[in-house]
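Everything below concerns the one structure shown next.
The values are calculated or read from the model by the stated rules, or taken from the named source; none is laboratory data. None of the values given here were measured: they were computed from a predicted structure. Positions of Cβ are generated from backbone atoms using ideal geometry, with glycine treated the same way; all protein chains shown enter the neighbour counts.
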Amino acid sequence: MSFPRTVLTFGTFDVFHVGHLRIVQRAAEYGDRLVVGVSADALNFKKKSRYPVFSEDERTAIVAALKPVDEVFLEESLELKRDYLLKHQADVLVMGDDWAGRFDEFKDICEVVYLPRTPAISTTALIEKISNT
Ligand code: C2G
């Protein structure tokens, strides 16, 4: 096992909420150093045909300011996951269980862990709640 043990997680982290905070905190417990890939605006547009509420610069600044986070980079493409894991020398990849099984192909280069999502909170639900008030 290498030291320091590096954990990597990915996310959009738009309209940052406690579910995002909890996954970051729990991911950090899997190693000594936490690196976070924040998905680019263009990648979100490609996936969901809409831009996030907060720009990639704002989302990156919020995630970088979190105590458990050591390094942040922009995730520009879903296809580059293996390159990102290798580049950042990830020992563990942590994702919420909405992604369960989807990253098992990387088990040849790192540990892959899926953690339960924090219940009853999501960016989509928050946007709906705010728009309806
Ligand atoms: N999450 C959570 N609990 C919630 C909401 C989100 O644990 N109530 C977790 C998700 O499972 C994910 C992380 O928070 O691991 C970031 O969630 P999103 O911002 O929705 O990220 P997503 O759009 O899934 O982007 O390449 C993968 C993408 O970058 C992931």
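Take LYS107 and decide whether it is away from the ligand (no atom under 13 Å from the Cβ) and either under 28 Å from PRO4 (Cα atoms) or modelled with pLDDT of 95 or more (or both).
Yes, satisfied.
Return a yes/no flag: does the stretch 120-127 have any residue that is touching a strand residue (DSSP E or B) at 6+ places or on another chain (Cβ under 9 Å) and either polar (S, T, N, Q) or touching a residue at least 12 places away in the same chain (Cβ under 8 Å) (or both).
no
Which numbered condition trips up GLU105, out of (1) of a type outside the set (Phe, Trp, Tyr); (2) touching a helix residue (DSSP H, G or I) at 6+ places or on another chain (Cβ under 9 Å); (3) in contact (Cβ under 8 Å) with a residue 24 or more places away in the chain; (4) surrounded by fewer than 18 Cβ atoms within 10 Å (Cβ to Cβ)?
(3)
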